[in-house]
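Enquirer: Sharing a structure below in C-alpha cells format, with a few things to ask.
Each reported figure results from applying straightforward, stated rules to the coordinates on display, with no laboratory input. Since the model is a prediction, treat every value here as computed from it, not as a measurement. Here the Cβ positions follow ideal geometry from the backbone for every residue, glycine too, while neighbour counts run over all protein chains shown.
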Amino acid sequence: MNDVLSTDIQFIKGVGPKLAKVLSKKGIATIEDALYFIPRGYEDRRKITKCRELIPNRSATILVKVIAQREIRQGRGSRLEVVVGDDTGQLVLSWFQSYPHLREDFKEGSSIVCFGEVKFFRSALQITHPEYEKILELQDGKPKASINFGRVVPIYSETEGLHQKTIRRMMGEVIKLSLASLDDSLPDLMRTRLQLPTLRSSFRAVHFPDECPKENEITKAVQRIIFEEFFVLQLGLGLKKQKQQKEKAPIFNISHSSLEPFIKSLPFELTGSQRLCLEEIKRDLERPFTMSRLIQGDVGCGKTIIAFAASVIAGGNGFQTALMAPTELLAQQHFQTAKKFLSGVGLTPLLLTHANSKSKEVLDLISTGKAHLVIGTHALFQKTVTFHRLGLVIVDEQHRFGVEQRNTLIQKGEGAHLLMMTATPIPRTLALTLYGDLDITVIKEKPASRIPIVTSIIWDRERVKLYAKLKERIQRGEQAYIIYPLVEASEKLELKSATEMYETLRKDVFAGISIALLHGRMKADEKEQILIDFKNNRYQILVATTVIEVGIDVPNATMIAIEHPERLGLSQLHQLRGRVGRGNIQSECVLVADQFVTERLRIMERSDDGFEIAEEDLRLRGPGEFLGTRQSGLPGFRVGHVIRDVELLGLARNEALDILQKDPNLDLPENRKIRSLVENRWKEKLERLKGG
C-alpha cells in the first residue's frame, strides 16, 4: 500500500490518539480508511436565506447578528436561548445545555452564520442545536466559504465523540495529504470507455464538492469508487478460480461406476433440476482439474441423493469420498440414508464419530479403502484419520465450517474434488460476491411427492387456538416443535424465552404430554441425545431455540410454532419451517406474532420458495445481517452494497471476466497496477472466501 495512504490516522493534524480511538469505531485507522468514509448525504449551504423568508420544517442557512442571550434554569442544569436577527426579522436559537463556549460565541452584536431545521415554537421561529460559525469578515456581503458553510457540505455518519465539524476538518487534512498519492489502478482504456472519473477527482468530489458541482458529479464519483471495489473483488475471485481450474485432479470415468444402476434402484424419480445438477457434476469429474462446485437447494429439494450419486462415481473409479456434516445427528441421518441406498451398488459407508474415531478397526477401514464413503463431523480432521485414496470431499451446510477445516480434509487426498451443499438459498447478487470463484448449481424443483407446508400468522392473543391445534396433532400420534428466539428471559426485551415457557408448558398447558427442552448452551452430547430421543418419539413436543434450524429430520414432526418471528430473518424462518413436512402428512407452520409487525411476515404465508424469500430477506436486512455478522466469507465493502448497487456489481463482474480472458495473469503493462491492487487489498479476504 502507498506509504501516505497507510499512515495511521492519529498522526493527522488535529486527530491524536484520543480521537483516533473514536474513529476506530467507524473503521477508520488509516488515511485510506478515511478516504472511503463516504458521506451519508449533503446539504446545500450556499444560499443565505433572510429571516422573513424562513419556512417551518425546512432547513436553511442564515446570516444573523446576536441580539440577546438568556439562560433558562432546568433542574440541575440550564438551557440556552439566543435571539438573533437580520434586517428582515428575528428567530431563536436554542440548546438543551448551556456551555461556556456557547455563551462566549454568542455575545451581543456578534455576526453568526447558522444552518439547521426551522421550527415554529411558542409563536416564534426557532432552530435547535444549529451548526454555526462566527463571522470575522464578509466578502461581497456574504461570509467567506469555509469547510462548513458557503458550499455543498458533506454530512457524515456520527458516533459519540465524533461530530460533523471534526470529521470535515480531518477530511480537509486527509484530502490535502493524500490526493497527490492517489494513482488510478483501472486501465485507462476501460475507464474512458465506461466514462468513469479518475479516483483522485472522485474522492475530491465526494468529500469537497465544487462550489457549483456539475449535474450528477457526486453520484458519478461515488459510483466510480464502488465500481473499483467490486471490480477488484471480481478480479480476485476470477484469478482464484483460474488457479483452481489448473490444479490437477483424478479423472473419473462415469462408465466405470454403478451410477445408472444406482439411479434405477432409487424408489423415486429424480427431478429435472436434480438431473441437470448431476450432469454438471459428471462433466466436472470427467476433467483433469479439481471440481469446486456449490449446490444451492431449498429445504427438501434432494441435494443429499445427488451427493451420494457423486460418491458412487468416485467409488466406481477406486476413490473414497469424505462427507462432512455440521452435527453428529445429521451425520447419523446421512449414514442411515447411505446404507439404504448404496448397499445395492456395492459401496460401504462408514460413520466416523468422536466415540469411534480412536478405534483401530475403524481407522483401518478408512486407510485400507474398504470404507468407500466416510461420513462424519470434526472427527474427520484428526491426524490419525488417513485415507487410502481420497478423491471427493462433500461438505454439507458448508457455511458451518471454516476454510481451514475444509482444506485440512481436502489435503488428505491428492487433488480431491470438492462438492459443497447449502440449504440456505442465497440470492444471485450475493452469490456472485461470495462464491464468484465457484461453479454454482441451483436445484429449485422439489419432488412432486413433497406435500407443501401450510403457513399461517396468528396474533399473540390467539394462542389458545394454537395450543388446541398442537394438542390435536399430539393426540393423532404426531410430534411438534415450539420455537423461541431467546434461551432465557431478558429484562430489556419483553419476550418469552425457551426455558421460561418450557416450565409453563410442561406443568400447565401440556401437562401429561412428554416435552423436552433444547438450546445452544447445552453440551453437544446432551443436545444430540435430546434430538435422537425426539426422533425416536420419546418426546411429543420439543421446545427449542433456533438451534434446530439445520440438521434434524423427523418425518413424524408435523407442526412447528415459532414465537416472536419478528425477531428472526425471513430466511431463518424458512429454514425452521423446513423442519416439518418431511413425511406424508400435511404439515403446518404457525407464526405467533405481534399484531403490529406482521406485514413483513406475509411472504411466509404466500410463498414456500426459499429463493424468493431470500431475495426479500436480503432486500430488507442487507447482506451482513442476512448472513449473520460473524459469517465468514462476506467481503467488507467500504462503500458498495450488493443490493443497492447490483447493476454496478454486474458491470464489474463482466469487465473482470473480460479482462481475465484477454490477460489471464494480468501481465500486460496496463494491467499491472490493478494486479498489485488485487493482491494487496483482497489477499486476506480472498483466502477467507468459500473454497479457501
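Enquirer: If the limit is 28 Å between Cα atoms, which of Lys25/Lys134; Lys119/Lys142; Lys248/Lys303; Lys144/Lys214; Lys65/Lys119; Lys50/Lys107 go over it?
Expert: From Lys25/Lys134; Lys119/Lys142; Lys248/Lys303; Lys144/Lys214; Lys65/Lys119; Lys50/Lys107, over 28 Å: Lys25/Lys134.
Enquirer: So what's the projected area for the stretch 454-607, the Cα convex hull averaged over all directions, in nm²?
Expert: Reported value for the Cα convex hull: 8.8 nm².
Enquirer: Amide H neighbours of Tyr481 under 5 Å, at least 5 residues apart or on other chains, H built in the peptide plane: list them.
Expert: Under 5 Å from the amide H of Tyr481: Leu542, Met559, Ile560, Ala561.
Enquirer: Could you compute the FRET efficiency for Thr192 and Val4, with r as their C-beta to C-beta distance and R0 at 22 Å, rounded to 0.05?
Expert: 0.25
Enquirer: Just want the answer: with Cβ charges of +1 for Lys and Arg and -1 for Asp and Glu, which residue in Leu285, Gln296, Pro39 is farthest toward the dipole's positive end in the chain?
Expert: Pro39
Enquirer: Additional query: Hey, rough spin-label estimate for Ile155 and His378, points 7 angstrom out along Cα→Cβ, what's it come to in nanometres?
Expert: 4.8 nm
Enquirer: Another question, then. Can you give the translational diffusion coefficient of the stretch 47-150 in µm²/s, computed by Stokes-Einstein from the Kirkwood radius over Cα pairs at 37 °C and 0.692 mPa s?
Expert: Reported coefficient: 235 µm²/s.
Enquirer: In whole Hz, what ³J(HN,Hα) sequence does the stretch 334-351 give by Karplus (6.51, -1.76, 1.60; θ = phi - 60°), x for Gly and Pro?
Expert: So the J values, rounded to whole Hz, are 4, 5, 4, 5, 5, 4, 5, 9, 9, 4, x, 10, x, 9, 9, x, 9, 9.
Enquirer: List, in order, the whole-Hz ³J(HN,Hα) value for each residue of the stretch 146-154 obtained from phi through the Karplus relation with A = 6.51, B = -1.76, C = 1.60 and θ = phi - 60°; use x for Gly and Pro.
Expert: After applying 6.51 cos²θ - 1.76 cosθ + 1.60, I find 9, 4, 9, 9, x, 7, 7, 9, x Hz.
Enquirer: For the chain, what is the charge dipole size about the Cα centre, in debye to the nearest 20, if Lys and Arg each add +1 at the Cβ and Asp and Glu each add -1 at the Cβ?
Expert: Charge dipole of the chain: 480 debye, to the nearest 20.
Enquirer: Round to the nearest 10 and give me the degree value, 0 to 90, for the angle of helix 303-316's Cα axis relative to the longest principal axis of the chain.
Expert: It works out to around 50 degrees.
Enquirer: What pairs in Lys360/Lys412; Lys282/Lys383; Lys412/Lys535; Lys370/Lys527; Lys26/Lys165 have C-alpha atoms more than 22 Å from each other?
Expert: Violating the 22 Å limit, Cα to Cα: Lys282/Lys383; Lys412/Lys535; Lys370/Lys527.
Enquirer: Once amide H atoms are placed 1.01 Å from N in the peptide plane, what residues at a sequence separation of 5 or more from Glu43, or on another chain, have their amide H within under 5 Å of its amide H?
Expert: Answer set, sorted by chain and number: Val153, Ile155.
Enquirer: Right, here's the next one. Measure nothing fancy, just the Cα-based angle from helix 672-688's long axis to the longest principal axis of the chain, in degrees from 0 to 90, nearest 10.
Expert: Roughly 60 degrees, rounded to the nearest 10.
Enquirer: How far is helix 272-285 tilted off the main Cα axis of the chain, in degrees rounded to 10, range 0 to 90?
Expert: Roughly 90 degrees between the two axes.
Enquirer: Okay, next question. With each run of n ≥ 4 DSSP H residues scored as -39500 (n - 2.57), what mean residue ellipticity at 222 nm is computed for the chain after dividing by its residue count and rounding to the nearest 500 deg cm²/dmol?
Expert: -11000 deg cm²/dmol
Enquirer: So for the stretch 454-607, taking the charge dipole from beta-carbon charges (+1 Lys/Arg, -1 Asp/Glu), which of Leu531, Thr504, Asn556 sits furthest toward the positive end?
Expert: Asn556
Enquirer: Please list, by residue number, every one of the chymotrypsin sites (Phe, Trp or Tyr not before Pro) in the stretch 1-102 that is coil in DSSP and has at most 12 other beta-carbon atoms within 10 Å.
Expert: Counting only loop positions with at most 12 other Cβ atoms within 10 Å, the chymotrypsin sites (Phe, Trp or Tyr not before Pro) in the stretch 1-102 are Phe96.
Enquirer: Need the full-extension length gain, Tyr42 to Glu286, defined as separation in residues times 0.36 nm minus the C-alpha distance. One decimal, nm.
Expert: 82.2 nm
Enquirer: In addition: Can you list residues whose amide H is under 5 Å from Ile440's amide H, if they're 5+ apart or on another chain and H is modeled 1.01 Å from N?
Expert: Counting only residues 5 or more places away or on other chains, the set is Leu294.
Enquirer: Can you list the HN-Hα couplings for the stretch 174-185, worked out from phi with the Karplus curve (6.51, -1.76, 1.60; θ = phi - 60°), rounded to whole Hz and with x for Gly and Pro?
Expert: 4, 4, 4, 7, 9, 4, 5, 8, 7, 10, 6, 8
Enquirer: Also: Estimate the FRET efficiency between Tyr467 and Thr499 by the formula 1/(1 + (r/R0)^6), using the beta-carbon distance for r and 22 Å for R0, to the nearest 0.05.
Expert: After rounding to 0.05, the efficiency reads 0.70.
Enquirer: Another question, if that's okay. So how far, in whole Å, is the C-alpha centre of the stretch 338-404 from the one of the stretch 506-541?
Expert: 29 Å
Enquirer: Sticking to Cα atoms, compute the Rg of the stretch 121-275 to one decimal and its Dmax as the biggest Cα-Cα distance, whole number, in Å.
Expert: Using the Cα atoms of the stretch 121-275, the pair Rg, Dmax is 28.8, 91 Å.
Enquirer: While we're looking at this one, here's another question. Treating the beta-carbon of each Lys and Arg as +1 and of each Asp and Glu as -1, no other charges, what is the dipole magnitude of the stretch 322-394 about its Cα centre, to the nearest 20 debye?
Expert: Roughly 100 debye, rounded to the nearest 20.
Enquirer: Which of rounded, prolate or oblate describes the chain when judged by the alpha-carbon gyration tensor and an a/c cut-off of 1.5?
Expert: oblate
Enquirer: If you don't mind, there's one more thing I want to ask. With each label point set 7 Å from Cα along the Cα-Cβ vector, what nm distance links Arg521 and Lys264?
Expert: It works out to 5.7 nm between the two label points.
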